[in-house]
Amino acid sequence: MMNEQLSLFDIELPPQKEAAIKEDTTNKISFAKISEKPKPIFGKKDIPTVDDILKLLDKGAYKTNRYELLSDIFQCGAIAISNKFDIPQAEEREKIYLNIIKKYDKDMQYLIAEIFAKIYLLLTSQIDYGFADYIGELYMKSETSSKNAGQFFTPYCISKACAEMAINSSQVEQYIKEDKILTLNEPACGSGGMIIATIDTLYNKYDFNYSRNLFVECSDIDARCVYMTYLQLACTGVPAVIYQRDTLTLQTWQRWETPAYIMQWLRFRDIETRGRI
C-alpha cells in the first residue's frame, strides 16, 4: 500500500482573527518646515559690509560716474548668475555683458569683479547673519538713486514691520501642515526689500522653507531695480520670476528667472499669474 503524501494545498490553517489596523501615529515629515537651520560656512568677520563695498566703488568713481558704474555692476552681476541657469537667454545676455565690460580698462574690470564678489558674499550670507535690504542700502548710500523719479526705498525696519503685520500666521501654519506653496506678488519691487523682509519673517519666525514652498512674482518699470531684485532673490535662494514691466499696462520688456525657480520649474510652472513674454 502506497503512503499518501500530503501536499501544501491539503493543509488547512486554523482561522485567524483579522489583525486590527493600527492608525499610523508617527509624525509626518513636512518639507515646508525647516527642522534644522544650516551652520554658517564663513565667519561673520569675513563678510563684507555695505560700507566696504562703497569704499571699493569710490576707487573707480574717478574714472566714470557712480551711477553708470553701479548700474553696470548690477546688470553684469545679474547676467553672470543668470547665464549659468537660464540657458535659452544666455547667448543674448552674454552679448550685452561683453558690450558693457569692454567699456572699461583691465584695472576697472578687476575692480568690478572684486565689487561683485563682495556683493555676492554679502547676499549669500543673509541666511546665516541676518536678512536686510543690502542692495537697497548700497543703492541709496551711493547717492545714485533717481530722486526725480521718486525713488526713495523703504527702510528695512519699516519693511519688516509691514511683513510681520501682513503675514497671516494661521495661513502659514496651514501651508506648512499641508506642504503647500505660498505665493507672493510685488508689483513695484524696487530693490526687493519688501520681499526680503517677508522671507526674513517666514524663515525666522515660522521656520518656513521659502526655498521650496514660496513662489515670488514681482516687477518694476526700472531695469536697474529688476537687476537689483534679481541679485537679492537669486543669492538668497528664492524661487522667483522678476519682470521689467509697466504694472498698470502690463507692457513687459524683460523676464528674469532665479536659479531656485529654474531648478524647481515643475513645481511652480502652473502657479504663475502671467505667461512668458
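Where a number appears in this text, it was derived from the coordinates with a stated rule and is not lab data. This structure is a prediction, so every number in the text was calculated from the model and none was measured. Because the Cβ atoms are built from the backbone with ideal geometry, glycine has one as well, and the counts that use them run over all protein chains shown.
Side notes on the structure shown:
- When each of LYS45/LYS106; LYS37/LYS102; LYS45/LYS141; LYS39/LYS177; LYS44/LYS180 is checked by Cα-Cα distance, pairs over 31 Å: LYS37/LYS102; LYS44/LYS180
- Under the combined filter of DSSP loop state and at most 14 neighbouring Cβ atoms within 10 Å, segment 189-277 retains these GluC sites (Glu not before Pro): GLU272.
- Segment 81-209: equivalent-ellipsoid semi-axes (sqrt of 5 x gyration tensor eigenvalues, Cα, Å): 32, 20, 15
- Per-peptide average of other Cβ atoms within 10 Å, ordering 81-88, 100-107, 220-227 highest first: 220-227, 81-88, 100-107
- Residue exposure sequence - CYS76, CYS162 - by fewest surrounding Cβ within 10 Å: CYS162, CYS76
- Scattering curve values for segment 140-261, log₁₀ I(q)/I(0), Debye with Cα scatterers, q = 0.09, 0.10, 0.17, 0.23 Å⁻¹: -0.25, -0.31, -0.86, -1.37
- Neighbour net charge for VAL50 - beta-carbon separation under 11 angstrom, K R +1, D E -1: -1
- The stretch between TYR110 and LEU248, if pulled fully straight at 0.36 nm per residue, gains 45.7 nm over its current Cα-Cα span.
- Sorted fewest first by neighbouring Cβ atoms within 10 angstrom, LEU202, LEU233 come out as LEU202, LEU233.
- Modelled spin labels at PHE42 and ILE101, positioned 7 Å past Cα toward Cβ, are 2.0 nm from each other.
- For segment 195-277, the fraction of C-alpha pairs farther apart than 15 angstrom is 56 percent.
- Here's the picture: a label point sits 7 Å out from the Cα of LYS55 along the beta-carbon direction, and within segment 106-145 nothing has its amide nitrogen under 12 Å of it.
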